[in-house]
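K.L.:
First the structure, which I've put down as structure tokens, then a few questions once you've had a look.
The values are calculated or read from the model by the stated rules, or taken from the named source; none is laboratory data. The structure displayed is predicted, hence computed values, not measured ones. No Cβ is skipped: glycine too gets one built from the backbone with ideal geometry, and neighbour counts run over all protein chains shown.
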Amino acid sequence: MSQATDAAPPPKLRREVLVVLPGLMLAMLLAMLDNTIVGTAMPVIVGEFGGYAHMSWVVTAYILAATISTPLYGKLGDLYGRKRLFMFSIALFLVGSAASGAAQNMGQLIGFRGLQGLGAGGLMVGVMAIIGDLVPPRERGKYQGPMAAVMMLAMIGGPFLGGVLTDSLNWRWTFYINLPLGIAALLVVGFTLHLPRHRNEAKIDYAGIILLSIAAGAMVLLTTWGGTEYEWDSWQIIGLGVVSVVALIALVVVERRAAEPVLPLRLFKDRNFVLINAVGFLQGFAMFGAMTFIPMYLQIVKGQSPTGSGVSFIPMMLAAMVGSLLSGAILTKTGKYKIFPILGSVTMIVGIYLLTTIEVATPLLKTSLFLIVFGAGLGLIMQVAMVVAQNSAPQRDIGVASSTSTFLRSIGGSFGVALYGAIFANELKNSLTGKLPPEALANFTGGGQGMDPKAIQNLPEPIHGYVTSGVTDSIVTIFYWSIPFAAAALLCALFLKAVPLRTSQAPKGDGGGEPEKADVMAAAH
């Protein structure tokens, strides 16, 4: 029998997957839309609430909460089934969205974003793990069309929609828009997704969950507070570093002994699993840095409205979409994937380097061209990374493999935003010191409301010039810091092994293919 015949799912299974797919895509839209829609509104939110020095926490709180909860969703899904857990994550995300939209100050917004993130941790991993349950790796490219369309809608429409809602209504609607989408997702998933219920007597790895949360939280706090709230050589920062290291060491010890570890160390014995997740981790640094700080450049320096800055992101998102579709189509046809992380990393490095050349007077068209290159690099890696990670894990670990991959990419994004936020605050303060009187300097560097884009456009010269130049230089510095991380991603990609993608649900060493196929058919029915 040919490989193509072996790979083809039964017609009944294909129909079941297509029925479930709209609900999964709605949940995926929720997760991805929130990553893109809020960034456009952030300068306006900071202008209203003040506290720009803590701006990165609006993003970091969401990412950190999602990051910590992601492995738990993946592992519990493997043990007890995914449907109820998946629906719970959607509902929790909606509660956090409603609360974020009603926030009255920066502290409340950060807290409610954390609640929203706890729900978001189960969205993407739920979608990926459910598809992993139903479709073998080689065949997943056939279902990447709808996934790519959702990605395009979120990545292109998110910044634009965020700008339109902020301009025409107010920034709160960038959160309220999640409510109708989420309710629709709950209804569709509730009526169409039929997965078997699991009864598993294995003990939950509470120690692993606690240690993983402590390690991740301490590392993010270290990068967020270092150089801003506290000096890098202060006892607070050094203490956080020690806590991170001790928690990680303890996590390794605990996970080796746990019956059902929340982060199974056996996955990290596979070379490709380690390398592709390292690429995703490093990609997160670059991606979230651009998504967070480019809107600030466009609105503060170039004077664009939130809607205008959203439109300026469209070329980058289109390029990412094209790269993702192209890599997915070729992967499905040939089963070969190693070239895409390599080519994507090289393209991303070129794009980041081009972004280091932007100035106050750089034309918007030129900036858009630079973003196109950067976006194309992201797109070439985006779809392939998850498929390679899932292909490197046994089918019984498909949920935790998906969640681990998502976890590492998210923690990379969290570190990136936190580190870049600290770099931005320091660089801006250094740039404006000596050029502005003390009271004005405090307004821009002390967490005041001076960073409101509209207010900056009305500043008299030479203060306006000092501020826009300082913001530009600070953002350029961020991109210089991004280059080494992108180069490290390229190095990891070069050492990937060209392991063939599976055409059935069970790899060697996982108990054989037939039982797993039976499980998948049971899940579909």
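K.L.:
I'd like to check something: does the range 290-312 contain any residue that is at pLDDT 90 or above and among the aliphatic types (A, V, I, L, M)?
P.N.:
Residues of the range 290-312 at pLDDT 90 or above: none.
Within the range 290-312 (the criterion being at pLDDT 90 or above and among the aliphatic types (A, V, I, L, M)), the answer is no, since none of the residues qualifies.
K.L.:
On the given criteria, is ILE68 part of a helix (DSSP H, G or I), touching a Phe, Trp or Tyr at 6+ places or on another chain (Cβ under 8 Å) and of a type outside the set (Lys, Arg)? If you could, list the steps in order and put the result at the bottom.
P.N.:
Values: part of a helix (DSSP H, G or I): yes; touching a Phe, Trp or Tyr at 6+ places or on another chain (Cβ under 8 Å): no; of a type outside the set (Lys, Arg): yes.
Here the answer is no, as ILE68 does not meet what is asked.
K.L.:
Then there is this: Which of the numbered conditions does VAL360 fail, given that it passes all the others? Conditions: (1) farther than 17 Å from LEU275 by Cα; (2) touching a Lys or Arg at 6+ places or on another chain (Cβ under 8 Å); (3) among the β-branched types (Val, Ile, Thr).
P.N.:
Unmet for VAL360, out of (1) farther than 17 Å from LEU275 by Cα; (2) touching a Lys or Arg at 6+ places or on another chain (Cβ under 8 Å); (3) among the β-branched types (Val, Ile, Thr): (2).
K.L.:
Return only the number of the condition from (1) outside any helix (DSSP H, G or I); (2) surrounded by 24 or more Cβ atoms within 10 Å (Cβ to Cβ) that GLU359 does not satisfy.
P.N.:
(2)
K.L.:
Hey, among LEU64, LEU85, LEU30, LEU94, which residue is modelled with pLDDT of 80 or more, under 18 Å from PHE288 (Cα atoms) and touching a helix residue (DSSP H, G or I) at 6+ places or on another chain (Cβ under 6 Å)?
P.N.:
Working: LEU64 fails: modelled with pLDDT of 80 or more; LEU85 fails: under 18 Å from PHE288 (Cα atoms); LEU94 fails: under 18 Å from PHE288 (Cα atoms).
On inspection, the qualifying residue turns out to be LEU30.
K.L.:
Further question on the same structure: Which of (1) crowded, with 24+ Cβ neighbours inside 10 Å; (2) out of contact with any Phe, Trp or Tyr (no Cβ under 8 Å at 6 or more places or on another chain) is the odd one out, the single condition VAL388 does not satisfy?
P.N.:
(2)
K.L.:
Listed residues PHE281, PHE273, PHE268, PHE313; which is closer than 30 Å to ARG172 by Cα, assigned by TED's automatic domain parsing to the domain that holds VAL38 and not polar (S, T, N, Q)?
P.N.:
Working: PHE281 fails: closer than 30 Å to ARG172 by Cα; PHE273 fails: closer than 30 Å to ARG172 by Cα; PHE268 fails: closer than 30 Å to ARG172 by Cα.
The conditions single out PHE313.
K.L.:
Can you give me the number of residues within the range 432-465 that are part of a loop (DSSP other than H, G, I, E, B) and either under 11 Å from VAL301 (Cα atoms) or at pLDDT 75 or above (or both)? Let's see the steps before the verdict.
P.N.:
Kept after step one, since they are part of a loop (DSSP other than H, G, I, E, B), are these residues of the range 432-465: 434-435, 437, 446-448, 452, 458-462.
Going one step further and asking which of them are either under 11 Å from VAL301 (Cα atoms) or at pLDDT 75 or above (or both), we end up with 435, 458-462.
So the answer is 6.
K.L.:
Would you mention how many residues in the range 327-353 are aromatic (Phe, Trp, Tyr), part of a helix (DSSP H, G or I) and surrounded by 18 or more Cβ atoms within 10 Å (Cβ to Cβ)? Let's see the steps before the verdict.
P.N.:
Looking only at the range 327-353, we keep the residues that are aromatic (Phe, Trp, Tyr), and these are 337, 340, 353.
Those left that are additionally part of a helix (DSSP H, G or I): 340, 353.
Now restrict to residues that are surrounded by 18 or more Cβ atoms within 10 Å (Cβ to Cβ): 340.
Adding up the residues that qualify gives 1.
K.L.:
Now a separate question. Residues THR472, THR468, THR477: which one is among the polar types (S, T, N, Q), closer than 28 Å to ILE342 by Cβ, modelled with pLDDT of 85 or more and surrounded by 13 or more Cβ atoms within 10 Å (Cβ to Cβ)?
P.N.:
Numbers: THR472 fails: closer than 28 Å to ILE342 by Cβ; THR468 fails: closer than 28 Å to ILE342 by Cβ.
Residue meeting the stated conditions: THR477.
K.L.:
Right, another one. Quick one: in the range 412-427, which of the residues that are among the aliphatic types (A, V, I, L, M) and surrounded by fewer than 24 Cβ atoms within 10 Å (Cβ to Cβ) is modelled with the highest pLDDT?
P.N.:
We begin by selecting, within the range 412-427, every residue among the aliphatic types (A, V, I, L, M); these are 417-419, 422-423, 425.
Then keep just the ones that are surrounded by fewer than 24 Cβ atoms within 10 Å (Cβ to Cβ); that gives 419, 422-423, 425.
Numbers: LEU419: 79, ALA422: 77, ILE423: 83, ALA425: 79.
Once the filter is applied, the top-ranked residue is ILE423.
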